[in-house]
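Engineer: For reference, the structure I am asking about is given below.
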Amino acid sequence: MISQDYLLELHQRSDIVELVSSYVQLRHRGRTYTGLCPFHSEKSPSFVVYPENQSFYCFGCGAGGDAITFVKQINNVDYIEAVKLLAARAGLPLPDERDDTGKLKSRILAMNKETARFYYESLNTEAGLAARRYLRGRALSDATIRRFGLGFSPDGYSATSDYLRRRGYTEEEMLAGGIVKRSQRGGVYDFFHGRVMFPIFDLRGNVIAFGGRRMGDEGGPKYLNSGDTPVFKKSRNMFAMNIAKKSTSRRYILCEGYMDAIAMHQAGFDTAVAPLGTAFTPEQAKLLSTYADELVLSYDSDEAGQKATKRAISLLASEPMKISVLKIPDAKDPDEFIRKFGAERFRMLLDGSDNAIEYELSRARDKYDITRPDGIVGYIKDAIEVLAGRCTPTERDVYAGRIAEETNVTKAALLNQLETRLKQKYRKAEKDRQKELLSEGQISRIKVPYSQGGDKAKGVANAEYQLMAAAIKDPQHLVRVCERLSPERFITPQMAEVFRVLKEVHEAGLPAELATVSHQLSDEARTALTRSLADNYDIRFTDADLDFYFERIEESVPKSSKAAEMSAQELAAYMQQLKAKKQ
């Protein structure tokens, strides 16, 4: 683990307002700063930074924590990487990693770098001749091959692993990094062999994974991709994002595969990116929205590509980017089009690409024969659904006019039907919003396990929630809580975890601050604690407040349980107290 002293110094050197301001436009309001949340799409700011306790919290999506948490989430990295990034920013030497997980990640990253170098060098050997011919056949230049670090994994089942063993890497490390796989007989074999190799980089330039493409029609799947490892989550990263993020352009191009993205970069379109062997994910949509103002979807023209386009549009609906869809005539994919017609023609396609509304309307129109009455009705029904989605009033008016011309139905009738649909959607949204409002409030946000009484125990859960805010705001309050309660008495798992960590830090003689406890908490517990601090930011807890919360918790314990724990003298005093209360 990284030492507490190091973390305290790191937090002292890292002003959270300055840190967040480099990603979010903040407005100073009293003792806090507010802005639009970088972790979800919103029009009204619900993201708040609290300088006094060096924390942040979003009341919209629930993201919250300290400076390390912010760096971890905004850069999509793990805890150790977040500490390193923040340390570099603060001018601190890198922390001394003593935990096994951190050491393993460092070893895997170093091993991946060695592996990528081995693949690249193997490409230029006699064994790599077929791979070089394949890349030449795809019209890739030497400069492009170097830029992307393309390589070749030799045939056979041990060439790569033998090389890594000579470099001092163990079988366990190769398995953890996904370089080798274990066979049914118990041995290991090179996962990628006889394939053209594509190293995958993170935003910092580390090699975190690989993709491998076969060169012929036989030899297993066309593409093999690294699975998730301690340094790689395929749903959170994108191919060529490390290059695209350096571009001055804010128009990104989302491709279906590695070769499409590489071909676009070679043709001068340096913001082309691609998913990593899986369907486009919400995490990737969020990552792109951090860098792009416009995203052009450039999937293949076959049915699978069109399904992928439709999925991407739905995932991107809540992101604040302009979405366009590229139509590729006379070619199955962007790579083929560029090779046939050149970069300038492709640029013209990009500039004339349909927006998402036009694309969806076109797809709806293609489903029906609009020379027939039933076809017109079906098309209009689908088109109304499109226009009732994420469209501005101006867009609705313009496209309603176009649909009216296509179907020979009056624009007024279309707008009337659209208005009816919008009212239906509004009523449903309002109903959902009212349901959310009914469930809002500090008490309702606290989830109590059913075994602990569920909603009936929320008063006790609220007392725990408030006590943890009081304990971290005032050391004297923490002393009182430690004297009166134990973690086993808590009914909410998150607050029990928070109290356990606070108690350990306090007993170790360290200040019980967010900086010293945040990294020891689960994501759920850290979010709950940050929310508690945000809710009570302007509250000054008194001893009377604590007494009230203690009483609420203690009254929840069954009287028989209390009596069983008492001595004879305590029991007599307790019975006398109950008698006095009745009188």
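The values are calculated or read from the model by the stated rules, or taken from the named source; none is laboratory data. Keep in mind it's a predicted model, so treat the numbers as computed, not measured. Backbone-built Cβ (ideal geometry, glycine too); neighbour counts: all protein chains shown.
Engineer: Taking the stretch 197-209, which residues are among the aromatic types (F, W, Y) and surrounded by 23 or more Cβ atoms within 10 Å (Cβ to Cβ)?
Structural biologist: Within the stretch 197-209, just F198 meets the criteria.
Engineer: Here are some residues: G219, G194. Which one is under 23 Å from N124 (Cβ atoms), at pLDDT below 95 and surrounded by fewer than 20 Cβ atoms within 10 Å (Cβ to Cβ)?
Structural biologist: After ruling out the rest, the residue left standing is G219.
Engineer: Do we find that Y57 is surrounded by 16 or more Cβ atoms within 10 Å (Cβ to Cβ) and either over 14 Å from L514 (Cβ atoms) or touching a residue at least 40 places away in the same chain (Cβ under 8 Å) (or both) in this structure?
Structural biologist: yes
Engineer: Which members of the stretch 321-338 meet the condition of being surrounded by fewer than 15 Cβ atoms within 10 Å (Cβ to Cβ) and farther than 28 Å from T290 by Cβ?
Structural biologist: Of everything in the stretch 321-338, those that are surrounded by fewer than 15 Cβ atoms within 10 Å (Cβ to Cβ) and farther than 28 Å from T290 by Cβ turn out to be P329, D330, K332.
Engineer: Conditions first: (1) closer than 13 Å to R552 by Cβ; (2) modelled with pLDDT under 85. F490 passes all but one, so which condition is the exception?
Structural biologist: Condition (2) is where F490 drops out.
Engineer: Need at least 2 residues that are closer than 19 Å to G102 by Cβ per element, so show me which strands (runs of 3 or more DSSP E) inside the stretch 1-86 make the cut, counting only ones lying wholly within it.
Structural biologist: none
Engineer: For the stretch 369-423, how many residues meet the condition of being of a type in the set (A, V, I, L, M), assigned to a helix (DSSP H, G or I) and within 29 Å of E319 (Cβ to Cβ)?
Structural biologist: Count: 12.
Engineer: Condition first: under 27 Å from D202 (Cβ atoms) and of a type in the set (G, A, S). Now tell me which residues in the stretch 110-133 satisfy that.
Structural biologist: Within the stretch 110-133, A110, A116, S122, G128, A131 meet the criteria.
Engineer: Output the number of the condition that M111 fails; it satisfies all remaining conditions of (1) under 31 Å from the mean Cα position of the chain (by Cα); (2) part of a strand (DSSP E or B).
Structural biologist: With respect to (1) under 31 Å from the mean Cα position of the chain (by Cα); (2) part of a strand (DSSP E or B), M111 is out only on (2).
Engineer: Let me ask you something else. Scan the stretch 506-557 for residues that are touching a helix residue (DSSP H, G or I) at 6+ places or on another chain (Cβ under 6 Å) and without any contact (Cβ under 8 Å) to a residue 24 or more places away in the chain and report the count.
Structural biologist: Residues that pass the stated criteria total 1.
Engineer: What is the residue count in the stretch 112-159 for residues that are out of contact with any helix residue (DSSP H, G or I) (no Cβ under 9 Å at 6 or more places or on another chain) and crowded, with 20+ Cβ neighbours inside 10 Å?
Structural biologist: Final tally of qualifying residues: 1.
Engineer: Is it the case that some residue within the stretch 38-60 is on the phi > 0 side of the Ramachandran plot and under 17 Å from the mean Cα position of the chain (by Cα)?
Structural biologist: no
Engineer: A further question on this structure: On the basis of being more than 26 Å from G227 (Cβ to Cβ), hydrophobic (A, V, I, L, M, F, W, C) and in contact with a helix residue (DSSP H, G or I) (Cβ under 8 Å, 6 or more places away or on another chain), does A90 make the cut?
Structural biologist: Considered against the rule, which asks whether it is more than 26 Å from G227 (Cβ to Cβ), hydrophobic (A, V, I, L, M, F, W, C) and in contact with a helix residue (DSSP H, G or I) (Cβ under 8 Å, 6 or more places away or on another chain), A90 comes out as yes.
Engineer: Step by step: first the residues of the stretch 484-531, then only those that are of a type in the set (A, V, I, L, M, F, W, C), outside any helix (DSSP H, G or I) and buried (at least 19 other Cβ atoms within 10 Å of the Cβ), then the one that is farthest from the chain's Cα centre (by Cα). Which residue is that?
Structural biologist: Filtering the stretch 484-531 for residues that are of a type in the set (A, V, I, L, M, F, W, C), outside any helix (DSSP H, G or I) and buried (at least 19 other Cβ atoms within 10 Å of the Cβ), the one farthest from the chain's Cα centre (by Cα) comes out as L485.
Engineer: Continuing with the same structure: Of everything in the stretch 253-286, what is in contact with a Lys or Arg (Cβ under 7 Å, 6 or more places away or on another chain) and either of a type in the set (K, R) or surrounded by fewer than 22 Cβ atoms within 10 Å (Cβ to Cβ) (or both)? Give them in sequence order.
Structural biologist: Residues satisfying the conditions are M259, G277, T278, A279, E283.
Engineer: May I ask you to verify whether T34 is polar (S, T, N, Q) and touching a helix residue (DSSP H, G or I) at 6+ places or on another chain (Cβ under 9 Å)?
Structural biologist: Taking the combined requirement at face value, the residue does not satisfy it.
Engineer: Inside the stretch 222-234, can you point out the residues that are under 17 Å from the mean Cα position of the chain (by Cα) and either among the aliphatic types (A, V, I, L, M) or surrounded by 15 or more Cβ atoms within 10 Å (Cβ to Cβ) (or both)?
Structural biologist: Matches in the stretch 222-234: T229, P230, V231, F232, K233, K234.
Engineer: I've got another one for you. Tell me the residue from I74, I108 that is crowded, with 17+ Cβ neighbours inside 10 Å, of a type in the set (V, I, T) and at pLDDT below 90, please.
Structural biologist: On inspection, the qualifying residue turns out to be I74.
Engineer: Determine if the stretch 274-287 includes at least one residue that is under 29 Å from V325 (Cβ atoms), over 16 Å from the mean Cα position of the chain (by Cα) and of a type in the set (S, T, Y).
Structural biologist: For the stretch 274-287, residues under 29 Å from V325 (Cβ atoms), over 16 Å from the mean Cα position of the chain (by Cα) and of a type in the set (S, T, Y): absent.
Engineer: Same structure, new question: Taking V180 as the residue in question, decide whether it is within 30 Å of R526 (Cβ to Cβ) and hydrophobic (A, V, I, L, M, F, W, C).
Structural biologist: No: the conditions fail for V180.
Engineer: To continue, here is another question. Please give the strands (runs of 3 or more DSSP E) falling wholly within the stretch 169-271 in which 1 or more residues are in contact with a Gly (Cβ under 6 Å, 6 or more places away or on another chain).
Structural biologist: Where strands (runs of 3 or more DSSP E) fall fully within the stretch 169-271 and carry at least 1 residues being in contact with a Gly (Cβ under 6 Å, 6 or more places away or on another chain), they are 195-201, 223-225.
Engineer: On to the next question. Do we have Y359 as modelled with pLDDT of 90 or more and of a type outside the set (D, E) here?
Structural biologist: no
Engineer: Right, another one. What number of residues in the stretch 348-357 are touching a residue at least 40 places away in the same chain (Cβ under 8 Å) and in a helix (DSSP H, G or I)?
Structural biologist: Number satisfying all stated conditions: 3.
Engineer: Do you know which of the residues in the stretch 27-49 that are modelled with pLDDT of 90 or more and under 16 Å from Y537 (Cα atoms) is surrounded by the most Cβ atoms within 10 Å (Cβ to Cβ)?
Structural biologist: F47
Engineer: A further question on this structure: Limited to the stretch 14-26, what total is found for residues that are surrounded by fewer than 17 Cβ atoms within 10 Å (Cβ to Cβ) and closer than 17 Å to E52 by Cβ?
Structural biologist: Result for the stretch 14-26: 4.
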